[in-house]
Structures are given as C-alpha cells and as structure tokens.
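Okay, handing you the structure first.
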C-alpha cells in the first residue's frame, strides 16, 4: 500500500501535465501567448482547431478520472475524504501546473473527469447543462460555469456522502473563480462566442 499523502502529490503531478502547452509546441506555437493565452482545450481549438483540441480535452479528462478511480485501490485509507482529495489535487495541478510556472487551464475538462469517477449521475447532469447552455449562448465560458453550478445542485438531490457533496460545492466555486476574467468580459459585452475567432478567454 502507498501513503495517501504521497498519492495526493502524484495526483497533482498527473493533473499538472500541460497537455495543451506541449500540443502547441508540437505545432510550433506557444499557447500562453495566443488566443486567450490559456492552456486548455478551448484555446487549443481556437488556435489549432478541433483536430488538436479533441485529444487534448480527452487527455485532460483522463487526468482527473484516473487518480480518483485508481488511487483508492493503492492507498492505505478507507475514508472517502482521500478519494476527493485526489480529485482536488488533479484539478489544482491542471490550473497551477509546475511545468509552466504554475499556469494552466481553467480545470473544466479535468473536473469533468473527476466527476465521472466520483459522481457519475451528477456529471451527466453537468454535461447536459453544458451542452444546452452552449447551444443557447455559444460561449464555452458560460456553459462551463453553468455546468459547474448545476453539478452540486444535482448532487444535493442525489444525496451523496458528505465529503462528496462538499467537494462538488468547492469544485463549483473553484471553476467559477477560474473564470473570473471571463465574467469581466461578459459584463463588458466582450466575451467571444465559439462561432467567432477573436482574441479572448474561453472556458477550457
């Protein structure tokens, strides 16, 4: 068995893998200086197109899913707090990656991976909310924040264990906080839509 605190560090390291940054480098571009300057799948799509963005998004989802699903089988703990700690560490790693001077994405795809592992029904509600909001608003950031809020609301009605419920609420707050620059642009009427190629921040 492996010490749970060591696995928390491993979850952070997994989340910190800068998928978007390395993908950009493979195409000769530094995504920290292009588009929204954000290292997430949305900015990859904006700068490099869907062919590059889809693999980045899927891998970022996997970065969140794998520690939550796998690490509880390796640790020496039974408390559910450690499971959500692994998920939280992966999300923090994605947003504050040590590989790129603690810059990263906004944690939406990695959070989705964590949700699929820890609360799959709530994750399905979040996905449905994201798709519906995206169709109506055409803004990834708005869809991401709406989905983040919908997940703990769904969790409340599903009555998960207290550690999971608290985690869902904290994750929603964290995702909205990560989109604070998007909120400022929304209030100023400057937030880009996915059918426009403009400099600005997306939700990935």
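Every number in this text was worked out from the coordinates using simple rules, so none of it is lab data. None of these values were measured; they are calculated from a predicted model. Because the Cβ atoms are built from the backbone with ideal geometry, glycine has one as well, and the counts that use them run over all protein chains shown.
Give just the number: which of (1) in contact with a helix residue (DSSP H, G or I) (Cβ under 7 Å, 6 or more places away or on another chain); (2) in contact (Cβ under 8 Å) with a residue 12 or more places away in the chain does residue 30 not satisfy?
Evaluating residue 30 over (1) in contact with a helix residue (DSSP H, G or I) (Cβ under 7 Å, 6 or more places away or on another chain); (2) in contact (Cβ under 8 Å) with a residue 12 or more places away in the chain leaves (2) as the failure.
Can you name every residue in the range 172-189 that is surrounded by fewer than 21 Cβ atoms within 10 Å (Cβ to Cβ) and either in contact with a strand residue (DSSP E or B) (Cβ under 6 Å, 6 or more places away or on another chain) or outside any helix (DSSP H, G or I) (or both)?
Of everything in the range 172-189, just one residue is surrounded by fewer than 21 Cβ atoms within 10 Å (Cβ to Cβ) and either in contact with a strand residue (DSSP E or B) (Cβ under 6 Å, 6 or more places away or on another chain) or outside any helix (DSSP H, G or I) (or both), namely 189.
Now for a different question. Mind checking whether some residue in the range 72-82 is at negative phi and buried (at least 23 other Cβ atoms within 10 Å of the Cβ)?
The answer is no, given that none of the residues of the range 72-82 is at negative phi and buried (at least 23 other Cβ atoms within 10 Å of the Cβ).
Residue 98 - would you say it is in contact (Cβ under 8 Å) with a residue 40 or more places away in the chain and in contact with a helix residue (DSSP H, G or I) (Cβ under 6 Å, 6 or more places away or on another chain)?
In short, no.
Restricting attention to the range 9-43, which residues are within 17 Å of the chain's Cα centre (by Cα), assigned to a helix (DSSP H, G or I) and more than 26 Å from residue 192 (Cβ to Cβ)?
Those that are within 17 Å of the chain's Cα centre (by Cα), assigned to a helix (DSSP H, G or I) and more than 26 Å from residue 192 (Cβ to Cβ): 11, 12, 13, 14, 15.
If you don't mind, there's one more thing I want to ask. Could you grab me the full set of residues in the range 1-27 that are without any contact (Cβ under 8 Å) to a residue 60 or more places away in the chain, crowded, with 20+ Cβ neighbours inside 10 Å and farther than 18 Å from residue 96 by Cβ?
Once the filter is applied, which keeps residues that are without any contact (Cβ under 8 Å) to a residue 60 or more places away in the chain, crowded, with 20+ Cβ neighbours inside 10 Å and farther than 18 Å from residue 96 by Cβ, the range 1-27 yields 23, 24.
Filter the range 118-142 down to the residues that are crowded, with 24+ Cβ neighbours inside 10 Å and in contact (Cβ under 8 Å) with a residue 40 or more places away in the chain, then identify the one that is farthest from residue 16 (Cα to Cα).
Among those residues, the one meeting the criterion is 122.
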